[in-house]
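Scroll down for the structure; my scribbles are underneath it.
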Amino acid sequence: MNECSNPPVGQPAKAAARPPWSGWRGSGSILVVDDDDSIRSVVARTVTRLGFKVNQASDGRQAVAQFESDPGLHSLVLLDYKLPGMDGSEVLSRLRRARPDARVILMSGLSREEALEEFTDLGVSGFLQKPFTLEMLVAELRAALDS
């Protein structure tokens, strides 16, 4: 008996199941803010593949400067909870002053409850607990942007 998982010769292989996010595409610009170069780079590449233009910031001051220079540019901000110099809550507060309806997804290694406790009155659009998967990222983007 052949235990091989390949289909018999002459029969087509079954198509791999497509992930639910694979057909979703976005548009507009997203600001990715994270002091970890590798996380920021991976998230930026992924978001670009989904159809977005991406700007990046490695700290809070840089993020605020980019956002304040054109508050209407970014459809969404992916914001790390802990940043050097200016933490995420201060950054979000400044973003809210520049554009009260800005959509922001918070990223953190802390649990959702721990991280959002500090952001209760600042209104975030979503949360990603690090490490997160591509599916989780897309789900949060869709939820924040499709609402």
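The values are calculated or read from the model by the stated rules, or taken from the named source; none is laboratory data. Nothing here was measured: the structure is a model prediction, and the numbers come from that model. Cβ: placed from backbone, ideal geometry, glycine included. Neighbour counts: every protein chain shown.
Can you name the residue in the range 30-39 that is in contact (Cβ under 8 Å) with a residue 24 or more places away in the chain and farther than 18 Å from residue 95 by Cα and, of all such residues, is surrounded by the most Cβ atoms within 10 Å (Cβ to Cβ)? Show your work before the answer.
Residues of the range 30-39 in contact (Cβ under 8 Å) with a residue 24 or more places away in the chain: 30-36, 39.
From what is left, the residues that are farther than 18 Å from residue 95 by Cα are 36, 39.
Details: 36: 13, 39: 17.
Out of the qualifying residues, it is 39.
I'd like the full set of residues that are surrounded by fewer than 17 Cβ atoms within 10 Å (Cβ to Cβ) and small (Gly, Ala, Ser), limited to the range 57-69.
Hits for the range 57-69 are 65, 69.
Could you grab the pairs with beta carbons closer than 6 Å, sequence gap of 6+ or different chains, first residue in the range 118-147 and in contact (Cβ under 8 Å) with a residue 12 or more places away in the chain, second one assigned to a helix (DSSP H, G or I) and of a type in the set (D, E, K, R)?
Listed by first residue and then by second, the contacts come to 126/140; 127/112; 128/140.
Return the residues of the range 84-112 that are surrounded by fewer than 23 Cβ atoms within 10 Å (Cβ to Cβ) and in contact (Cβ under 8 Å) with a residue 40 or more places away in the chain; say none if nothing qualifies. If you could, list the steps in order and put the result at the bottom.
Here is the first cut: in the range 84-112, the ones surrounded by fewer than 23 Cβ atoms within 10 Å (Cβ to Cβ) are 84-87, 89-90, 93-94, 96-103, 105, 108-112.
Listed by number, the residues that qualify are 84, 103.
Check the range 49-56 and report whether any residue there is of a type outside the set (Ser, Thr, Tyr), at pLDDT below 95 and buried (at least 16 other Cβ atoms within 10 Å of the Cβ).
Yes.
Which of the residues that make up the range 113-124 are of a type in the set (Asp, Glu) and crowded, with 16+ Cβ neighbours inside 10 Å? Before you say what the answer is, go through the steps one by one.
Filtering the range 113-124 down to residues of a type in the set (Asp, Glu) leaves 113-114, 117-118, 121.
Once the filter is applied, which keeps residues that are of a type in the set (Asp, Glu) and crowded, with 16+ Cβ neighbours inside 10 Å, the range 113-124 yields only 118.
Please verify whether the range 61-72 includes one or more residues that are among the small types (Gly, Ala, Ser), outside any helix (DSSP H, G or I) and at pLDDT 95 or above.
Taking every residue of the range 61-72 in turn, at least one turns out to be among the small types (Gly, Ala, Ser), outside any helix (DSSP H, G or I) and at pLDDT 95 or above.
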